[in-house]
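Participant: Structure incoming, see below.
The values are calculated or read from the model by the stated rules, or taken from the named source; none is laboratory data. Source: prediction; values computed, not measured. As a convention, Cβ positions derive from the backbone with ideal geometry for all residues, glycine included, and neighbour counts pool all protein chains shown. What goes into the accessible areas is simple: the full protein's heavy atoms, side chains included, and nothing from ligands, DNA or RNA. Shrake-Rupley method; radii C 1.70, N 1.55, O 1.52, S 1.80 Å.
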Amino acid sequence: MATYINEPSRTFNEYLLIPGYSSSECIPANVSLKTPLVKYKKGEEPAITMNIPLVSAIMQSVSGDRLAVALATEGGVSFIYGSQSVEDEAAMVKRAKEHRAGFVESDSNLSPDNTLADVIKLTERTGHSTIAVTEDGTAAGRLVGVVTSRDYRVSRMSKDLKVSEFMTPLEKLITAPENTSLKEANDIIWDHKLNSLPIIDDEGRLCYFVFRKDYDTHKQNPNELLDAQKRYVVGAGINTRDYAVRVPALIEAGADVLCIDSSEGFSEWQKLTLKWIRDNYGDTIKVGAGNVVDADGFRFLAEAGADFIKVGIGGGSICITRETKGIGRGQASALIEVCAERNKYFEETGIYIPVCSDGGIVFDHHMTLALAMGADFMMLGRYFARFDESPSNKVVLNGTYYKEYWGEGSARARNWQRYDLGGDAKLSFVEGVDSYVPYAGTLKDNVALSLSKVKSTMCNCGALSIRELQEKAKLTLVSATSIVEGGAHDVIQKDSNKIK
């Protein structure tokens, strides 16, 4: 007879935190969000500790090299998506690892034969006002000029006008050679009152831009997550099929941590993948596994050698696994049970295995709830897909900006490896959707806002660290009526003119 769990499958929205005593020391500025990324033994320090409890999802529409750099700058880790060729994923990892802080590879490039219409379209898509004009229109082409918002006026110029006719040509630009240091580049910018400085190699090819605005930004990043060589920490996704080829390539490219990307991790396929990595690399390679939703799943992956374990099936905003297959569990229920097992495993073995909550985060306060329930950090997809740094296109729908966002199990991604059960190498049916999410601007601004809310709530609970929050948190279930009570109600809001 089947096993029945009569307790309802709970989501984050069904819980509230009850405030605790807050001392005068409990102010957001004193809160530390440092958290372990990988397992460690009692009394020892983890090999990788993050400065914020956020990692990005292993998705085509979320985690490219630009987002990897942006998130590491804020203190988290991005897991570059694995549903691409081994060579392409390794190249993304390599670019992120080789990124020079303050030196920006151009992602807005046109050729002299492009038109003003192309300029307008490109700036709308990227949000960037500086466009490199190269001979072939690529980021690494021979630089022939630059276009900024000061070079054209849409109301007075024909959209058919070629870029070559209104760009600032190379001979009028101040540039610097490839071996220029960041300090030297900033000195040139300030001495010549520039907004940007192109860095070119001996053949005149564009290498980077250094922007005036990035000088202060770099000084304001105390949480940067760097390796021993002062490079950004970068993660990468792997699967349970081609790991013997993909893992060595990603390690060679410089990946600091790997994660098996799978919709369901309680399987022999993950055990075999972890065994191969341990047999060939020992414990030097850090690799997470998952996803699971109960104590048995956690125990299985812990004993298989996972460095962290992801929790969540079917809770992602673009995931329809529960709908198509009838498997999964409410994220809060799954997290509470798995974290209890994690603590039990730590008491038994002296080995602490961090838990990653993956899915179910709709509002910022859900982050604090996830941490209070025991998560060491969270993996987010929709959240990061909204930002400038995600790989997807920015589009305009009915006058509003959106970013494209699609699931790995969608017909667009067709990431069959993520849903692999050992059969044919194909996606038999979709488990994700193709969608849009409201465009939200830069990662830096949004992460700062979200984490300020997390810190504030932690202070309300009398906690100055994630571990202290987990020890002191008091959580209460809420009724449907109290959920309504928690929002604006019984008033006419000025911005909507609707009675709630």
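Participant: Search region 477-495 for residues that are in contact (Cβ under 8 Å) with a residue 40 or more places away in the chain and pair each with any residue that is open to solvent by less than 100 Å² (accessible area, probe 1.4 Å) when their beta-carbon atoms are under 7 Å apart and the residues are at least 6 apart or on different chains.
Facilitator: Sorted first by the residue in region 477-495, then by its partner, the pairs are 477/14; 477/15; 478/14; 478/15; 478/16; 483/13.
Participant: Related question: Which condition number does residue 488 fail, the rest of (1) under 30 Å from the mean Cα position of the chain (by Cα); (2) open to solvent by 50 Å² or more (accessible area, probe 1.4 Å) being met?
Facilitator: Single failed check for residue 488: (1).
Participant: Just need a number here: residues in region 323-338 that are among the charged types (D, E, K, R) and surrounded by fewer than 17 Cβ atoms within 10 Å (Cβ to Cβ). Step through it out loud before you land on a result.
Facilitator: The initial filter retains those residues of region 323-338 that are among the charged types (D, E, K, R), namely 323, 325, 329, 337.
Then keep just the ones that are surrounded by fewer than 17 Cβ atoms within 10 Å (Cβ to Cβ); that gives 323, 325.
Counting residues in region 323-338 that are among the charged types (D, E, K, R) and surrounded by fewer than 17 Cβ atoms within 10 Å (Cβ to Cβ) gives 2.
Participant: Still on this structure, please answer the following. Please find, within region 339-362, the residue that is surrounded by the most Cβ atoms within 10 Å (Cβ to Cβ) out of those that are touching a Phe, Trp or Tyr at 6+ places or on another chain (Cβ under 8 Å) and free of Cβ contacts under 8 Å to residues at least 60 places away in the same chain.
Facilitator: Taking region 339-362 as the starting set, the residues that turn out to be touching a Phe, Trp or Tyr at 6+ places or on another chain (Cβ under 8 Å) are 341-342, 345-346, 351-357, 360-362.
Add one more test, that the residue is free of Cβ contacts under 8 Å to residues at least 60 places away in the same chain, and what stays is 341-342, 345, 355, 357.
Details: 341: 21, 342: 23, 345: 19, 355: 26, 357: 31.
It comes out as 357.
Participant: Can residue 118 be described as open to solvent by 30 Å² or more (accessible area, probe 1.4 Å) and part of a helix (DSSP H, G or I)?
Facilitator: On the way: open to solvent by 30 Å² or more (accessible area, probe 1.4 Å): yes; part of a helix (DSSP H, G or I): yes.
Spelling it out, residue 118 is indeed open to solvent by 30 Å² or more (accessible area, probe 1.4 Å) and part of a helix (DSSP H, G or I).
Participant: Another one. Of all residues being in contact with a strand residue (DSSP E or B) (Cβ under 9 Å, 6 or more places away or on another chain) and assigned to a loop (DSSP other than H, G, I, E, B) in region 1-29, which is nearest to residue 459 (Cα to Cα)? Just the residue, please.
Facilitator: The selected residue is 18.
Participant: When the residues of region 125-141 are filtered to those that are over 14 Å from residue 209 (Cα atoms) and not in a loop (DSSP other than H, G, I, E, B), which remaining residue is least open to solvent (accessible area, probe 1.4 Å)?
Facilitator: For region 125-141, the residue satisfying everything is 126.
Participant: Would you confirm whether or not region 31-52 contains a residue that is touching a helix residue (DSSP H, G or I) at 6+ places or on another chain (Cβ under 6 Å) and part of a helix (DSSP H, G or I)?
Facilitator: No, region 31-52 contains no residue that is touching a helix residue (DSSP H, G or I) at 6+ places or on another chain (Cβ under 6 Å) and part of a helix (DSSP H, G or I).
Participant: Return yes or no: is residue 257 modelled with pLDDT of 95 or more and either under 26 Å from residue 447 (Cβ atoms) or buried (at least 24 other Cβ atoms within 10 Å of the Cβ) (or both)? Outline the logic, then answer.
Facilitator: Working: modelled with pLDDT of 95 or more: yes; either under 26 Å from residue 447 (Cβ atoms) or buried (at least 24 other Cβ atoms within 10 Å of the Cβ) (or both): yes.
Here the answer is yes, as residue 257 does meet what is asked.
Participant: Turning to a different aspect of this structure: Residues that are crowded, with 18+ Cβ neighbours inside 10 Å, touching an Asp or Glu at 6+ places or on another chain (Cβ under 8 Å) and not in a loop (DSSP other than H, G, I, E, B): does region 105-114 have at least one?
Facilitator: yes
Participant: I would also like to ask the following. Kindly list, by first and then second residue, each pair from a residue in region 297-308 that is more than 10 Å from residue 274 (Cβ to Cβ) to a residue that is open to solvent by 10 Å² or more (accessible area, probe 1.4 Å) and small (Gly, Ala, Ser), limited to pairs with Cβ atoms under 9 Å and residues at least 6 apart or on different chains.
Facilitator: 300/267
Participant: For region 162-201, what are the residues that are farther than 15 Å from residue 144 by Cβ and assigned to a helix (DSSP H, G or I)?
Facilitator: 182, 183, 184, 185, 186, 187, 188, 189, 190, 191
Participant: With at pLDDT 95 or above, under 25 Å from residue 458 (Cα atoms), touching a Ser or Thr at 6+ places or on another chain (Cβ under 7 Å) and open to solvent by 10 Å² or more (accessible area, probe 1.4 Å) as the only criterion, which of 78, 32, 56 stands out?
Facilitator: On the way: 78 fails: open to solvent by 10 Å² or more (accessible area, probe 1.4 Å); 56 fails: open to solvent by 10 Å² or more (accessible area, probe 1.4 Å).
Within the list 78, 32, 56, the selection yields 32.
Participant: Just give me the residues in region 367-399 being assigned to a strand (DSSP E or B) and at pLDDT below 95, in sequence order. Break it down stepwise before answering.
Facilitator: Applying the first criterion (assigned to a strand (DSSP E or B)) to region 367-399 yields 377-380, 387, 394-397.
394, 395, 396, 397, listed by residue number.
Participant: For the subset of region 268-296 comprising residues that are open to solvent by 10 Å² or more (accessible area, probe 1.4 Å) and touching a residue at least 60 places away in the same chain (Cβ under 8 Å), which member is farthest from residue 56 (Cα to Cα)? Steps first, please.
Facilitator: The initial filter retains those residues of region 268-296 that are open to solvent by 10 Å² or more (accessible area, probe 1.4 Å), namely 268-269, 271-272, 275-276, 278-286, 293-296.
If we keep only those that are touching a residue at least 60 places away in the same chain (Cβ under 8 Å) as well, we get 269, 286.
On the way: 269: 23, 286: 17 Å.
Among residues in region 268-296 that are open to solvent by 10 Å² or more (accessible area, probe 1.4 Å) and touching a residue at least 60 places away in the same chain (Cβ under 8 Å), the one farthest from residue 56 (Cα to Cα) is 269.
Participant: Counting just the residues of region 381-405 that are surrounded by 22 or more Cβ atoms within 10 Å (Cβ to Cβ) and among the hydrophobic types (A, V, I, L, M, F, W, C), which one comes out nearest to the chain's Cα centre (by Cα)?
Facilitator: 384
Participant: Oh, and also: Looking at region 150-168, which of its residues are closer than 18 Å to residue 197 by Cα and either exposed (fewer than 14 other Cβ atoms within 10 Å of the Cβ) or touching a Lys or Arg at 6+ places or on another chain (Cβ under 8 Å) (or both)? Let's see the steps before the verdict.
Facilitator: Our first condition is that a residue be closer than 18 Å to residue 197 by Cα; within region 150-168, this holds for 150-151, 167-168.
Selection gives 150 alone.
Participant: Quick one: would you say residue 393 is without any contact (Cβ under 8 Å) to a residue 40 or more places away in the chain, farther than 21 Å from residue 5 by Cβ and not charged (D, E, K, R)?
Facilitator: Working: without any contact (Cβ under 8 Å) to a residue 40 or more places away in the chain: no; farther than 21 Å from residue 5 by Cβ: yes; not charged (D, E, K, R): yes.
Answer is no for this residue.
Okay, residues lined up against (1) on the phi < 0 side of the Ramachandran plot; (2) more than 23 Å from the chain's Cα centre (by Cα); (3) modelled with pLDDT of 95 or more:
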residue: 271; (1), (2), (3): yes, yes, yes
residue: 276; (1), (2), (3): yes, yes, yes
residue: 281; (1), (2), (3): yes, yes, yes
residue: 287; (1), (2), (3): yes, no, yes
residue: 290; (1), (2), (3): no, no, no
residue: 297; (1), (2), (3): yes, yes, yes
residue: 302; (1), (2), (3): yes, yes, yes
residue: 305; (1), (2), (3): no, yes, yes
residue: 309; (1), (2), (3): yes, no, yes
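Participant: In this structure, does residue 240 turn out to be out of contact with any strand residue (DSSP E or B) (no Cβ under 6 Å at 6 or more places or on another chain) and crowded, with 22+ Cβ neighbours inside 10 Å?
Facilitator: On the way: out of contact with any strand residue (DSSP E or B) (no Cβ under 6 Å at 6 or more places or on another chain): yes; crowded, with 22+ Cβ neighbours inside 10 Å: yes.
Against the criterion (out of contact with any strand residue (DSSP E or B) (no Cβ under 6 Å at 6 or more places or on another chain) and crowded, with 22+ Cβ neighbours inside 10 Å), residue 240 qualifies.
Participant: Modelled with pLDDT of 95 or more and either under 19 Å from residue 377 (Cα atoms) or crowded, with 23+ Cβ neighbours inside 10 Å (or both): is that true of residue 47 in this structure?
Facilitator: yes
Participant: Pull up region 93-105, narrow it to residues that are of a type outside the set (Lys, Arg) and out of contact with any His (no Cβ under 9 Å at 6 or more places or on another chain), then point me to the one that is farthest from residue 169 (Cα to Cα). Walk me through it before giving the result.
Facilitator: Let us first name the residues in region 93-105 that are of a type outside the set (Lys, Arg), namely 93, 96, 98-99, 101-105.
Those left that are additionally out of contact with any His (no Cβ under 9 Å at 6 or more places or on another chain): 93, 96, 98-99, 103-104.
Values: 93: 34, 96: 30, 98: 29, 99: 27, 103: 21, 104: 20 Å.
Going through the qualifying residues, I end up with 93.
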